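J.: The structure that follows is given in the form of structure tokens.
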Ligand SMILES: [Zn+2]
């Protein structure tokens, strides 16, 4: 039976605060700043561009070992443990059981699903020349567990999770903890008899993660996403909106629809799709000289027009076969959509030799007019274009006044471009989408039988029939979350931690440690708070008060109590980190109550 849940988010206090000490004897030690390890830096490290990266280094949370490989110092590790503890609580609530899988993944297992050659896999050999991958994700290991131990309908449904280090040989580690090669990921998996069961599990996990993000006070957008290598079924990303994000998110201000731009459908009205291009106003086709103008901007500039009057012609090679792809000059090809349309295993831009062979012109001058024997795929947006500009398949030349139907006819029209702001919302179909940058902190997938079928993870139905287990996988990037929390909550002085994940809830600053009365009052308040389960750091360093205040702000502790000259009048100063003008005096006898009440308000 599950233990009763004492708290939900916004209820009284969190884990660290509800740990009640029993009896009269102290069963805690004092964590003193002077004995702890918090190597703060005065200057902003030159290599760090992102705010979170600067703060992680400056505030002494992490240190870099090599490109994309970091050590979590005591404060960083403390935040990770707080994050994990909130997540564990949410997993308990949905009866999702914790386990721990290995880091060494045998080659044979990854070959069952064709993932041995995924390009980010770190590979190694043991002394007997057996080959292994360092775990980059754990679907295969989980599926292996399922096929051995979930054999009957009675064994399902099941929810399992772990919190583990993952390894990915990222070509470009970046942004401090945003994209690293070794990182901590919290990953849960669901196992069900059928799709309906999988949907229920998916909603359970999604709900638990929603609760989690609410409890750590991190606003996230749940965006429809592309399954990429993992799958094509329903999947969502949890996105923290931030200028420093790598992804573009499209949001509908009307209905709340959100999608990763790479996933977002471009809605082309039926009236456009069904109507033949109008031909009135068509001007005669004309070739113009465009010496050296290869890019859209160069051509538009030379001809005194804008990119949306141009058509880009790109030659792709899909599974060895060249295709021509046409999009408006200011649009980008969405290679995920294109790959789906072509059902291609491999897809990439053709090299310059191939482009020259096919179009007869150097790269930059390809166009659709006169191209024969090549599949010509046009984005739907071309249907509304008249008298546009395109490459002439000759060096230094473009056509102007090109028109569909008259000058060339695409093999097909399709949605193959990246959606952008001002496109119509594909959900409510009434409002224009807005765009924002986002940091992906979680990604959840319905996997169906994507892993269970190739790995033979079947269970026996009541009827005796064997069926593949329907799976889901649910990941949260814990170390990236550390950075996202900082990107989301900081000011010029440093980090501002939400209480639930702050390395400490309270810092007590004793301004002058040679004054015994101050030291004694600091220790007493510390003990009173610890006895009430509050997570406290006592700053007992022999430093100037100003330095201690700066460090407290930099490392972002939610509540600061200053034991200083006010003590002579029986008061201490209490300040909330996120409100810079919140400092106020409180009677020392009331200090513990005041702090506990403040933490409750902040939680
Ligand atoms: Zn909408």
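The values are calculated or read from the model by the stated rules, or taken from the named source; none is laboratory data. Remember, it's a predicted structure, so these values are computed and weren't measured experimentally. As a convention, Cβ positions derive from the backbone with ideal geometry for all residues, glycine included, and neighbour counts pool all protein chains shown.
J.: Determine whether segment 465-476 contains at least one residue that is at pLDDT 95 or above, assigned to a loop (DSSP other than H, G, I, E, B), more than 16 Å from the ligand (Cβ to nearest atom) and over 19 Å from the mean Cα position of the chain (by Cα).
T.: First pass over segment 465-476, keeping only residues at pLDDT 95 or above: 465-476.
Filter once more, keeping what is assigned to a loop (DSSP other than H, G, I, E, B): 465, 469.
Adding the requirement that they be more than 16 Å from the ligand (Cβ to nearest atom) leaves 465, 469.
Now narrow it down to the ones that are over 19 Å from the mean Cα position of the chain (by Cα): 465, 469.
Yes; the residues of segment 465-476 include at least one that is at pLDDT 95 or above, assigned to a loop (DSSP other than H, G, I, E, B), more than 16 Å from the ligand (Cβ to nearest atom) and over 19 Å from the mean Cα position of the chain (by Cα).
J.: Could I ask something else about it? Could you tell me which of the residues 60, 114 is outside any helix (DSSP H, G or I), closer than 23 Å to residue 179 by Cβ and touching a residue at least 40 places away in the same chain (Cβ under 8 Å)? Quick ask: steps written out before the conclusion?
T.: Details: 114 fails: closer than 23 Å to residue 179 by Cβ.
Of the residues listed, the single one that is outside any helix (DSSP H, G or I), closer than 23 Å to residue 179 by Cβ and touching a residue at least 40 places away in the same chain (Cβ under 8 Å) is 60.
J.: Any idea which of (1) within 29 Å of residue 247 (Cα to Cα); (2) outside any strand (DSSP E or B); (3) touching a residue at least 24 places away in the same chain (Cβ under 8 Å) is the one residue 144 doesn't satisfy?
T.: The failed condition is (1).
J.: In segment 381-432, what residues are assigned to a loop (DSSP other than H, G, I, E, B), within 16 Å of the ligand (Cβ to nearest atom) and surrounded by fewer than 18 Cβ atoms within 10 Å (Cβ to Cβ)?
T.: 420, 421, 422, 428, 429, 430, 431, listed by residue number.
J.: Restricting to segment 243-264, name every residue that is within 10 Å of the ligand (Cβ to nearest atom) and assigned to a loop (DSSP other than H, G, I, E, B).
T.: Scanning segment 243-264 gives 252, 253, 254, 255, 256, 257.
J.: Step by step: first the residues of segment 270-289, then only those that are assigned to a loop (DSSP other than H, G, I, E, B) and touching a strand residue (DSSP E or B) at 6+ places or on another chain (Cβ under 8 Å), then the one that is farthest from the ligand (Cβ to nearest atom). Which residue is that?
T.: Narrowing segment 270-289 to residues assigned to a loop (DSSP other than H, G, I, E, B): 275-285.
When the remaining residues are screened for being touching a strand residue (DSSP E or B) at 6+ places or on another chain (Cβ under 8 Å), the result is 277, 282-285.
On the way: 277: 28, 282: 35, 283: 38, 284: 42, 285: 40 Å.
Result: 284.
J.: Does residue 461 count as within 22 Å of residue 180 (Cα to Cα) and touching a residue at least 40 places away in the same chain (Cβ under 8 Å)?
T.: Spelling it out, it is not the case that residue 461 is within 22 Å of residue 180 (Cα to Cα) and touching a residue at least 40 places away in the same chain (Cβ under 8 Å).
J.: I'm told residue 370 meets every condition in (1) buried (at least 17 other Cβ atoms within 10 Å of the Cβ); (2) within 25 Å of residue 303 (Cα to Cα) except one. Can you identify the failing condition by its number?
T.: If we test residue 370 against (1) buried (at least 17 other Cβ atoms within 10 Å of the Cβ); (2) within 25 Å of residue 303 (Cα to Cα), just (1) comes out false.
J.: Just need a number here: residues in segment 441-464 that are in a loop (DSSP other than H, G, I, E, B), in contact with a strand residue (DSSP E or B) (Cβ under 7 Å, 6 or more places away or on another chain) and closer than 21 Å to residue 185 by Cβ.
T.: Residues flagged as in a loop (DSSP other than H, G, I, E, B), in contact with a strand residue (DSSP E or B) (Cβ under 7 Å, 6 or more places away or on another chain) and closer than 21 Å to residue 185 by Cβ within segment 441-464 amount to 1.
J.: Within segment 528-547, is even one residue farther than 15 Å from residue 499 by Cβ, loosely packed, with under 15 Cβ neighbours inside 10 Å and touching a residue at least 12 places away in the same chain (Cβ under 8 Å)?
T.: Looking for residues that are farther than 15 Å from residue 499 by Cβ, loosely packed, with under 15 Cβ neighbours inside 10 Å and touching a residue at least 12 places away in the same chain (Cβ under 8 Å), one finds at least one in segment 528-547, hence yes.
J.: Listed residues 548, 575; which is touching a strand residue (DSSP E or B) at 6+ places or on another chain (Cβ under 7 Å) and in a strand (DSSP E or B)?
T.: 575
J.: Of all residues in segment 173-188, count the ones that are over 27 Å from residue 205 (Cβ atoms) and in contact with a strand residue (DSSP E or B) (Cβ under 7 Å, 6 or more places away or on another chain).
T.: 1
J.: How many residues, within segment 274-327, are free of Cβ contacts under 8 Å to residues at least 12 places away in the same chain and surrounded by 13 or more Cβ atoms within 10 Å (Cβ to Cβ)?
T.: Result for segment 274-327: 3.
J.: Let me ask you something else. Would you check if residue 438 is crowded, with 24+ Cβ neighbours inside 10 Å and either touching a strand residue (DSSP E or B) at 6+ places or on another chain (Cβ under 8 Å) or not in a strand (DSSP E or B) (or both)?
T.: Answer is yes for this residue.
J.: I would also like to ask the following. Of (1) under 30 Å from residue 543 (Cα atoms); (2) touching a helix residue (DSSP H, G or I) at 6+ places or on another chain (Cβ under 9 Å); (3) surrounded by 19 or more Cβ atoms within 10 Å (Cβ to Cβ); (4) modelled with pLDDT of 95 or more, residue 17 satisfies all except one. Which?
T.: Result: residue 17 fails condition (4) only.
J.: Turning to a different aspect of this structure: As an exercise: evaluate residue 218 against (1) modelled with pLDDT of 95 or more; (2) farther than 20 Å from residue 475 by Cβ; (3) within 17 Å of the chain's Cα centre (by Cα); (4) assigned to a loop (DSSP other than H, G, I, E, B) and give the number of the one condition it does not meet.
T.: (2)
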